[in-house]
Amino acid sequence: MVIIMYYYLSYFFIFSVIGYIYENILHLIIHHHLTNNPFVGPWMPVYGFGIVVMLLIEKFAFTKFRISKWGKILITLLLNFFILTILELIGGHLVEFFLHKSYWDYSSFRFNYGKYIAVEVSLGWVIASYIFLFIVRKYLDKIVPKVPIILTNIFIIIFLIDFIYSFFIK
């Protein structure tokens, strides 16, 4: 059980950092400046949560039913479309409610629903989830279990300190 928890925590931190890098590259290309990250550290937890949600969806969605490979891919991508979109919507509202800030705004997108979700972005999540779940994951699953537990514990401590500082002290 503990090993499984560290598996998900490792993925959370890896993709929180990858999300931070992705967001900053995207902002540099589009806006010519770095993103406005609420954290001091180099992470965007929404990406980490998204990956963990994708892993859990894939793990629990197919335990009772026998489905073909293509059916599994289609169902996984549809579930990721809806669940990651809802995660982004809830996350946007929670950030705005607690921090009185808005870190993303999709109101300029053609197929938006408010400022926190847009079909165009959700389709991007579907493409990213396919790449991760069906291409990248098989390689990362060979590396992630080898991440030392102490390293994950260090990340947990640093993240918690950053969270407390960023949201309660800064």
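The values are calculated or read from the model by the stated rules, or taken from the named source; none is laboratory data. Keep in mind that what you see is a predicted model, and the values were worked out from it rather than measured. With ideal geometry, Cβ positions are generated from the backbone for all residues, glycine too; neighbour counts draw on all protein chains shown. Ligands, DNA and RNA are stripped out before the accessible areas are found, and what is left, the full protein with its side chains, is counted by its heavy atoms. Shrake-Rupley method; radii C 1.70, N 1.55, O 1.52, S 1.80 Å.
Heavy-atom accessible area, probed at 1.4 angstrom with all protein chains present, ranks Tyr11, Tyr130, Tyr106 as Tyr130, Tyr106, Tyr11, highest first. The stretch between Phe109 and Val40, if pulled fully straight at 0.36 nm per residue, gains 21.9 nm over its current Cα-Cα span. If R0 is 45 Å, the Cβ-Cβ spacing of Tyr139 and Phe97 corresponds to a FRET efficiency of close to 0.75. Working from the pairwise distances between different alpha carbons, so that the mean of 1/r is found and then inverted, what is the chain's Kirkwood radius in Å? Kirkwood radius, the chain: 17.3 Å. A full extension of the chain between Ser68 and Ile4 corresponds to an added length of 20.4 nm, given 0.36 nm per residue minus the alpha carbon distance.
Between Ile158 and Leu78, the distance separating the two model label sites (each 7 Å from Cα on the Cα→Cβ line) works out to 4.1 nm. As a fraction of the 1.4 Å probe accessible area of the chain, surface on carbon and sulfur atoms comes out at 75 percent. The H on the amide N of Ala118, modeled in the peptide plane, is under 5 Å from the matching H of Tyr113, each at least 5 residues off or on a different chain. Binning the alpha carbon pair distances of the range 92-164 at 5 angstrom intervals from zero yields the distribution 3, 13, 11, 13, 14, 18, 17, 9, 2, 0, expressed in whole percent. Computed with the Debye formula from one identical point scatterer per Cα of the range 1-62, without solvent, the log10 of I(q)/I(0) at q = 0.13, 0.19, 0.29, 0.30 Å⁻¹ comes to -0.41, -0.71, -1.13, -1.16.
As a length-normalised measure over Cα pairs under 8 Å and 6 or more apart, the relative contact order of the chain settles at 24 percent.
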